[in-house]
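Have a look at the structure below, then the notes.
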């Protein structure tokens with residue numbers, strides 16, 4: 001379940017509009033959650049999120065900030081949470097799984113170099 005505010009956040013991002021407070025990790029997750037609901041599955045949501053983030057990063061002059069690997073990681077994390085908590089909203093997921101709010105969670109699975117380069121492969125240290 002997505003909120004009207006999260007849907008509007010997604011639409012604003014698609015229009016290339018940056019929220020007044022910036023676009024932070026939790027905002028990325030809220031848009032991804034919205035896309036998972038609207039697209040009906042992880043693959044379609046991933047394609048949509050990737051296209052939106054690429055377009056947005058390019059529009060603010062920072063195309064190098066986009067990462068396929070990081071986008072896929074977070075989409076699949078949220079898709080897993082949706083599968084475990086069907087019919088739940090993102091705020092309930094954040095309450096149940098607060099580690100999702102840690103943007104560095106990816107480092108438990110991928111090396112820092114791989115995560116930042118966009119060519120992530122699972123870390124042997126996780």
Test result for residue 70, within 17 Å of residue 90 (Cβ to Cβ), buried (at least 18 other Cβ atoms within 10 Å of the Cβ) and in contact (Cβ under 8 Å) with a residue 24 or more places away in the chain:
no
What residue, of 80, 67, 59, is at pLDDT 95 or above and out of contact with any strand residue (DSSP E or B) (no Cβ under 9 Å at 6 or more places or on another chain)?
80
Which one of these does residue 28 not meet: (1) touching a helix residue (DSSP H, G or I) at 6+ places or on another chain (Cβ under 8 Å); (2) without any contact (Cβ under 8 Å) to a residue 60 or more places away in the chain; (3) more than 14 Å from residue 10 (Cβ to Cβ)?
(3)
Looking only at segment 23-51, count every residue that is part of a loop (DSSP other than H, G, I, E, B) and more than 16 Å from residue 101 (Cα to Cα) and tell me the total.
2
Hey, could you check segment 55-67 for residues that are at negative phi and out of contact with any helix residue (DSSP H, G or I) (no Cβ under 7 Å at 6 or more places or on another chain) and say which is surrounded by the most Cβ atoms within 10 Å (Cβ to Cβ)?
67
Counted residues in segment 79-93 being part of a loop (DSSP other than H, G, I, E, B) and without any contact (Cβ under 8 Å) to a residue 60 or more places away in the chain come to 2
What number goes with the only condition from (1) over 20 Å from residue 102 (Cβ atoms); (2) free of Cβ contacts under 8 Å to residues at least 24 places away in the same chain; (3) surrounded by 14 or more Cβ atoms within 10 Å (Cβ to Cβ) that residue 20 does not pass?
(3)
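The values are calculated or read from the model by the stated rules, or taken from the named source; none is laboratory data. The structure presented is a predicted model; accordingly, all values stated were derived computationally and were not measured. Reconstructed Cβ throughout: ideal geometry from the backbone, glycine too, with neighbour counts over all protein chains shown.
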